[in-house]
């Protein structure tokens, strides 16, 4: 298999997208602003609003993030099972396993 297979979908993501997934792995049903704050703390700089939401939308389109309306103005995001599995396989690979 190559890096474009479903099993290695995380390998095709940008570092920022992988960091978004890691931030979501901390807790489900997170608002975009909570993710933005978490990533800003990690990066040590402000995260551009459009960068955040464009990347979240790409992750939703790829089936890695679920998006649902909390209310009229706020969406919540959480990892899908596919994203959890992909992150687990990447962790195994990084640790030297046979992911």
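The values are calculated or read from the model by the stated rules, or taken from the named source; none is laboratory data. Computed from a prediction, not measured in an experiment: that's the story for all the values here. FYI the Cβ positions are ideal-geometry reconstructions off the backbone, even for glycines, and counts take in every protein chain you see.
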Within the range 48-67, how many residues are touching a residue at least 12 places away in the same chain (Cβ under 8 Å), over 13 Å from residue 9 (Cα atoms) and not in a helix (DSSP H, G or I)?
1
Selection within the range 26-62 - closer than 17 Å to residue 88 by Cβ and touching a strand residue (DSSP E or B) at 6+ places or on another chain (Cβ under 6 Å):
28, 59
Would you please name the residue that is surrounded by the fewest Cβ atoms within 10 Å (Cβ to Cβ), looking only at residues in the range 64-88 that are out of contact with any strand residue (DSSP E or B) (no Cβ under 9 Å at 6 or more places or on another chain) and over 21 Å from residue 33 (Cα atoms)?
81
Selection from the range 26-48 of residues that are surrounded by fewer than 16 Cβ atoms within 10 Å (Cβ to Cβ), modelled with pLDDT under 95 and in contact with a helix residue (DSSP H, G or I) (Cβ under 8 Å, 6 or more places away or on another chain):
26
